[in-house]
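Shown next, in structure tokens, is the structure this report addresses.
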Amino acid sequence: MPSKKEKTSVTIEKQDRLFNFRPIFFAAVFLSFGIFFAYLHIIKGVSARWLLCLLPCAATPIFFCCSWERFFKCLLEILIVGMAFLCGFCAFSTQLSNFSNVENYNGTTIVIGRVVEKRKYQEVTELILDDLRFGDIEVDGRLNTYLSTTFCDTVELSDRLLLNGRIEVDIAHEDENGFRANDVKEKLRYYLRADAVTLAGHEFDLFLFLRTQLQKTIALGMDETPAAVMTAVLFGDRSGIELGLYDNIRMGGIAHIFAVSGLHVGAFFAFCLLLFNKTGLRRLPKAVRFLSVAFILLFYAGICGFSSSVLRATVMCLVGYAGSLLLTRIDALESVGLAAIVILLLTPSALFEVGFQLSFTACLGIILFSKPIRQVCDEACLWIVNRLPHKETEAKRLAEEKGDTLPIGVLGSIRRKVTSFLSVTIAAQIATSPLLLYYYGYLSGWTLLLNCVFVPIFTCAFSLFLLSAVLATLLPFFAVGILYVSNVVWTLLLLLFQTADFTNFAISGLRINVFAIIPYYAACLFITDKFNLSKSWKIPLFFVSVLAFVAGMVALNL
């Protein structure tokens, strides 16, 4: 037990700072601020003089310093976040400059390029080409073109095409849909109106080759609709899903299973841990186990195209795994921060991608809100259980009379798992709801119920789906038999969306903007334990933020 003097020192230390500084997480936050300010300055024309107004905000923690030691630590923290802000500003400015720095190639010419993406629509197919040559000139960047689906059925990823047509250069940073984050990231700045096209050979790309072979095997071994859904689930390519079915799934609130992210990588990572910790592979040295798991996850990320959500989940899993092998507890916020830094330094424009925002917001929501929500759920369950006469409560009462301890029991274990799952689902929904409403204009009324059904099934079966696809690709003559279970499972799961209409229970028609989103998240933060403020400060700030959010929503939707 700590002495009275030690308790006093702990209390003073806690009140000595406005928040508990986590260098990696705060560096990631201010790296994002730097990118966002560069966006406002370069694209929106906001004057850099506004930075002078932000300096007092950065100096606010200094006023909470009660000692010279804490004062110098605070200066170091400000230096860290200041450098992160500067890195974000410079990185995004450089990326925009590289995107815009292109010669004018407008005109008719011959183009040679390698197919890296293929998006099938009804009568036309969009192709994205890389490794471009315009005539005899090598060109940096990517090009998209639309060709007939009949011709593109014979085109595979990594094929080289020879096209003749008119090139148009588009280096505008924004269009009618807003900032072109993905185009800037991919340097997609050329468009070709093709008059003639010819297959000119094939280049081997390991990741594209494997993805193509897996998709072919799934298409041959399963029925059309289950095959399209399984392809979307495993690799994020949902172009083969019928539009009406996809919209109904989206209105049901589980379209996130088609965006390869933490749910997918986490399920696959859990399978890898089971493989390396519960089999003979556990005898391998820790470094070998870590490198093996890292290789498997990164290889899967490569097949999925190294998307931001996959990289974020992979980095977080590997950081946590490294900590467990070193018997060191890794802070969850630091893991999220490290993942964000890796992605944003590589591609600063990823900050403006919907997938990046939803992925990281969901993670932060789970980290910040799942614990208090789980505590509320546990207390509610205990309140109900203690008022129901059954054998477990009677056994618990007898054990308490004897002074013995009683194991949790089956019901207790189930209750804990259920409340844990519900808390994670609700926390993610609370965190992502404003963004879903902002970008898509709706909120599903079925999200919680359908996620409670689909997510556990998906988590348990994802690795089996992936392994069955790999095995069927290795043994193509037995593909139908190997994929039979997957085909049946997806056929049964999709029956719900093919027979029921979930659009009737969607919350749509509401509008939300940034001025309402900011107080929403401010209110969420004030109810967490991340700010070292007394309740006399937290409660008023929470209600002020809620009132600001409500006022913004009312003003916007009246």
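Every read-out reported here was derived from the displayed coordinates using simple, explicitly stated rules and does not represent laboratory data. Everything numeric in this text was worked out from a predicted model, so none of it was measured. Every residue, glycine among them, receives a Cβ derived from its backbone with ideal geometry; neighbour counts consider all protein chains shown.
Cα-Cα over 27 Å: which of Lys44/Lys530; Lys278/Lys530; Lys120/Lys187; Lys118/Lys185; Lys73/Lys530?
Working: Lys44/Lys530 33 Å; Lys278/Lys530 37 Å; Lys120/Lys187 21 Å; Lys118/Lys185 18 Å; Lys73/Lys530 19 Å.
Correct reply: Lys44/Lys530; Lys278/Lys530.
Modelled label-to-label distance, Phe306 and Leu75, 7 Å Cα→beta-carbon offset: nm?
Inter-label distance under the simple model: 4.1 nm.
Quick one: of the DSSP bridges fully inside the stretch 107-204, what percent are antiparallel, nearest 5? Walk me through the numbers before you get to the answer.
Values: 37 of 41 bridges.
Percent antiparallel among DSSP bridges in the stretch 107-204 is about 90.
Any idea what angle helix 447-474 forms with the longest principal axis of the chain, computed on alpha-carbon atoms, 0 to 90 degrees, nearest 10?
Once rounded, the angle reads 50 degrees.
If we count other beta carbons within 10 Å of each Cβ, what is the order of Thr145, Thr109, fewest first? Don't jump to the answer; show the numbers that get you there.
Working: Thr145 22, Thr109 16.
Going from sparsest to densest Cβ surroundings: Thr109, Thr145.
Using 0.36 nm per residue, how much length does the chain from Tyr440 to Trp537 gain when fully extended, once their Cα-Cα distance is taken away?
31.4 nm
Which of the aspartates and glutamates could a cross-linker span from Lys538 if the Cα-Cα distance has to be under 12 Å and same-chain partners fewer than 8 positions apart are dropped?
Asp529
Just want the answer: with Cβ charges of +1 for Lys and Arg and -1 for Asp and Glu, which residue in Gly165, Ser261, Leu143 is farthest toward the dipole's positive end in the chain?
Farthest along the dipole direction, towards plus: Ser261.
Separation between the Val418 and Ser47 pseudo-spin-labels, each 7 Å from Cα along Cα→Cβ, expressed in nm?
With each label placed 7 Å out from Cα toward Cβ, I get 6.1 nm.
Return the label of the correct value of semi-axes √(5λ) of the Cα gyration tensor in Å, as calculated from the structure shown, out of (i) 43, 34, 24; (ii) 49, 28, 21; (iii) 45, 39, 20.
Among (i) 43, 34, 24; (ii) 49, 28, 21; (iii) 45, 39, 20, the one calculated here is (i).
Pop a pseudo-label 7 angstrom from the Cα along the beta-carbon direction at both Thr503 and Asn164 and give the gap in nm to one decimal.
That separation, rounded to one decimal, is 4.5 nm.
Within the stretch 520-538, whose backbone N sits under 16 Å from a point 7 Å along Cα→Cβ of Glu379?
527-529
Once Lys and Arg get +1 and Asp and Glu get -1 on their Cβ, which of Phe458, Leu346, Ser420 lies farthest toward the positive end of the dipole of the chain?
Going by the charge dipole, the pick is Ser420.
Of Ala479, Leu243, Ser292, which is farthest towards the positive pole of the chain's charge dipole, taken about the Cα centre with +1 and -1 on the beta-carbons of Lys, Arg and Asp, Glu respectively?
It is Ser292, whose Cα lies furthest towards the positive end.
Return, ordered by residue number, the residues of the stretch 510-528 whose backbone nitrogen is under 20 Å from a label point located 7 Å along Cα→Cβ of Leu558.
Taking a point 7 Å out along Cα→Cβ of Leu558, the residues of the stretch 510-528 whose backbone N falls under 20 Å are 510-520.
Between the alpha-carbon centers of the stretch 518-558 and the stretch 202-241, tell me the distance in whole angstrom.
45 Å
What is the helix-to-structure angle for 262-277, meaning the angle in degrees between its Cα long axis and the longest Cα principal axis of the chain, kept from 0 to 90 and rounded to the nearest 10?
Helix 262-277 sits roughly 80 degrees off the main axis of the chain.
Could the peptides 270-279, 302-311, 485-494 be put in order, highest first, of the mean number of other beta-carbon atoms found within 10 Å of their residues? Mind dumping the intermediate values first?
On the way: 270-279: 14.2, 302-311: 21.4, 485-494: 16.7.
Put in order of decreasing packing, that is 302-311, 485-494, 270-279.
Arranged from highest to lowest average of other beta-carbon atoms within 10 Å per residue, in what order do the peptides 208-214, 86-92 appear?
Numbers: 208-214: 18.0, 86-92: 20.4.
Listed from highest to lowest mean packing, they are 86-92, 208-214.
With angles folded into 0 to 90 degrees, how steeply does helix 535-557 sit against the dominant principal axis of the chain? Use alpha carbons for both and round to 10.
The two axes meet at around 40 degrees.
Within the stretch 84-100, which residues have the backbone N less than 20 Å from the label spot 7 Å out from Thr528 along Cα→beta-carbon, could you tell me?
What the label zone holds, given the 20 Å backbone N cut-off, is 85.
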